[in-house]
Amino acid sequence: GQQVMQIPQYQHVQEGEDFTTYCNSSTTLSNIQWYKQRPGGHPVFLIQLVKSGEVKKQKRLTFQFGEAKKNSSLHITATQTTDVGTYFCAGWGYALNFGKGTSLLVTP
Amino acid sequence: ETGVTQTPRHLVMGMTNKKSLKCEQHLGHNAMYWYKQSAKKPLELMFVYSLEERVENNSVPSRFSPECPNSSHLFLHLHTLQPEDSALYLCASSQGGGNTEAFFGQGTRLTVV
């Protein structure tokens, strides 16, 4: 079945530094979604990418979908302490299949 | 408030107990899901209900039993659990699947003693 892999597992940055997490799927995806889970919270939808090579931006967050629709990335520019949390990518099978997530810690 | 409500938020149960987790969605969605989240593993899909029909993940032990009486409610019945079942159990809903976002409840933190 579909497997979604994510790296790195953890990332610790100083506030103001950039951050990137990468997602790779074993199969071609029709679309990919990104979720954020704050410590002690639940996953919250961030964005969905559908088209090959698509790039979407949300303020300091940039999301990219690979040309082959098998990989994706999330880049955060100039991290802030409010960015702390775990970022998951997910692809749809008969339900959402989540990667293991990247836990981001931002030190002031 | 996500539109998906889970109760209880915390539950401690013994290995011989029987308990149920409840999930209710107020979004008019037609699909509901149970996920297990533990420290060692990512969000593991347990069960899917679409249009009140169950699609089951075969790797889920029989001590977990889902129930979906209608499109707004989802239960997870628990019996004779093991300590390794301690985890955060998350309910989610979506309108169909494949191209829609999922909305998650705040989860039930389960501890089996």
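The values are calculated or read from the model by the stated rules, or taken from the named source; none is laboratory data. Predicted model only: the values in this text are computed from it and were never measured. Quick reminder, even Gly has a Cβ in these numbers, built from the backbone with ideal geometry, and neighbours come from all protein chains shown. For accessibility, only protein heavy atoms count, side chains too; no ligands or nucleic acids. Shrake-Rupley method; radii C 1.70, N 1.55, O 1.52, S 1.80 Å.
Chains A and B together bury roughly 1600 Å² of accessible area, counting both sides, with a 1.4 Å probe on protein heavy atoms only.
Heavy-atom accessible area with a 1.4 Å probe sorts A:LYS51, A:LYS36, A:LYS56, largest first, into A:LYS51, A:LYS56, A:LYS36. Projecting the alpha carbon convex hull of the protein assembly as shown along each direction and taking the average yields 11.9 nm². Of the residues B:SER38, B:SER94, ranked by 1.4 Å probe accessible area with the largest first, the sequence reads B:SER38, B:SER94.
Charged side chains reduced to their Cβ positions (Lys and Arg at +1, Asp and Glu at -1) give chain A a dipole of some 280 debye around its Cα centre.
Peptide B:32-44 shows a mean partner chain C-beta count of 3 within 10 Å per residue C-beta. Around the Cα centre of the range B:1-83, unit charges on the Cβ atoms of Lys, Arg, Asp and Glu (plus for the first two, minus for the last two) sum to a dipole of about 460 debye.
The share of C-alpha pairs in the range A:45-108 whose separation exceeds 20 Å stands at 30 percent. Charge dipole (Cα centre; +1 on Lys/Arg Cβ, -1 on Asp/Glu Cβ; no other charges) of the protein assembly as shown amounts to roughly 180 debye.
Against the empirical 2.2 N^0.38 Å scaling, what ratio does the C-alpha Rg of chain B come to?
0.99
Taking only the Cα atoms of chain A, the ratio Rg/Rh comes out at 0.96, with Rh defined as the Kirkwood radius. The mean number of Cβ atoms from other chains found within 10 Å of a Cβ in peptide A:86-99 is 5, as a whole number.
The mean count of C-beta atoms from other chains within 10 Å of the C-beta of residues in A:28-38, rounded to a whole number, is 2.
Beyond 19 Å between alpha-carbons counts as too far, so tell me which of A:LYS36/A:LYS56; A:LYS59/A:LYS100; A:LYS36/B:LYS41 fall in that bin.
In this structure, A:LYS59/A:LYS100 exceed 19 Å between Cα atoms.
Only protein atoms count toward the accessible area here, which uses a 1.4 Å probe; on chain B, the carbon and sulfur part of that area reaches 49 percent.
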